[in-house]
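Scroll down for the structure; my scribbles are underneath it.
Just so it is clear, none of the values below were taken in a lab; they were calculated from the coordinates. Since we're looking at a predicted model, the values are computed, not measured. Neighbour counts are summed over all protein chains in view; Cβ atoms, including those assigned to glycine, are modelled from backbone coordinates with ideal geometry.
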Amino acid sequence: MARSNYTEILKYAKEHKFAVGAFNSMNMETLQAVVSAASKMNVPLIVQTYHAHIDYAGADYMRALYEVAARNSNVMIAMGLDHGRSVEQSRLCIENNFTGVMIDLSSKDYDTNVYETRKVVEMAHAKGISVEAELGTIFDADESPEKIATGYTDPVIARKFVMETGIDCLAVSIGTAHGKYKYTPKINFDLLKELIDTVPCPIVVHGGSDVPDEDVIEMVRLGIAKLNVGTDFFNAYTQAMSRILTEDGPNADIIKVMSAARAAVEEVAMHKIDLLTKFRI
Ligand code: 13P
């Protein structure tokens, strides 16, 4: 199945009433695991790589892995930069033919965010590549729900931002956070619904790891377009490696270690996809 950009996949998902998993991958095993899960469940997928992991692995290496994954899978696959930190990093991924880039300048002032995001939109759209940006603050998951709530996305500003930048999807702050939660997350479903109903582009929720299943299902029911998940995969990966190394010792067979890690990530991906496709038609 051919590579697709975010816009094509999010449109298809909207028509078929499911939310797209945007699963963070950073090497061959994590990528094979999430693509295998999507293929088995016959659902399009966005695979994306966190900005620091792009720095670690190289955009060209990730692009080569993505290309093989997309070619070998039977579903639409998009490949993206997650939380791009600068116009330069976005440009690198655009030049490497990713099909989506996120430019995250949410920590900058509004005008800078608009100005720089527009530059990325111009470059990306010229090549049919989708752009995601972020408004509000998505904290780390060791913060309290009260602190996380201070970062909520303002719907009025969000509508203006989307019109002024021409982005294809918007990441919002509605109570989720990145990482493993210290406290039970408190999702503001009313705010999420207002954003989904009034912002003129698909809405993306970050921090999809460790969120109670019923909350994920409710977000899908309300109509989120894309759910980003990272930590759950990486924790499953390292825990599986650690289990084999504990059982078999430091000279454990490398294929046994890596295949256990890959299988653990695939199992998490299947579960997440099951939640995201509860209302699929
Ligand atoms: P988690 O690592 O909390 O799942 O968040 C992933 C994410 O939002 C990537 O953009």
**Study point:** Members of the stretch 173-191 that are away from the ligand (no atom under 15 Å from the Cβ) and not in a loop (DSSP other than H, G, I, E, B)
**Key:** PHE189, ASP190, LEU191
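Of all residues being within 16 Å of the ligand (Cβ to nearest atom) and farther than 26 Å from ASN27 by Cα in the stretch 80-135, which is surrounded by the fewest Cβ atoms within 10 Å (Cβ to Cβ)? Just the residue, please.
Filtering the stretch 80-135 down to residues within 16 Å of the ligand (Cβ to nearest atom) leaves 80-85, 89-90, 93, 98, 100-107, 130-135.
Next cut, farther than 26 Å from ASN27 by Cα only: 106-107, 135.
On the way: SER106: 20, SER107: 10, LEU135: 29.
Here the residue is SER107.
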**Study point:** Selection within the stretch 97-125 - among the small types (Gly, Ala, Ser) and not in a loop (DSSP other than H, G, I, E, B)
**Key:** GLY100, ALA124
Review point. Residues of the stretch 195-241 being among the basic types (Lys, Arg), over 16 Å from the mean Cα position of the chain (by Cα) and within 15 Å of the ligand (Cβ to nearest atom), which ones?
Key: none
Review point. Which condition number does LYS278 fail, the rest of (1) within 12 Å of the ligand (Cβ to nearest atom); (2) touching a residue at least 60 places away in the same chain (Cβ under 8 Å); (3) over 22 Å from MET102 (Cα atoms) being met?
Key: (1)
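What do you reckon, is SER242 of a type in the set (Ser, Thr, Tyr) and in a loop (DSSP other than H, G, I, E, B)?
Numbers: of a type in the set (Ser, Thr, Tyr): yes; in a loop (DSSP other than H, G, I, E, B): no.
Judged against the criteria, SER242 is not a match.
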Point to revise | Set PHE189, PHE233: member being in contact (Cβ under 8 Å) with a residue 40 or more places away in the chain and of a type outside the set (Ser, Thr, Tyr) | key: PHE233
Review point. Taking the stretch 153-172 as the search range and keeping residues that are under 17 Å from LYS193 (Cα atoms) and within 16 Å of the ligand (Cβ to nearest atom), which one is nearest to the chain's Cα centre (by Cα)?
Key: ALA171
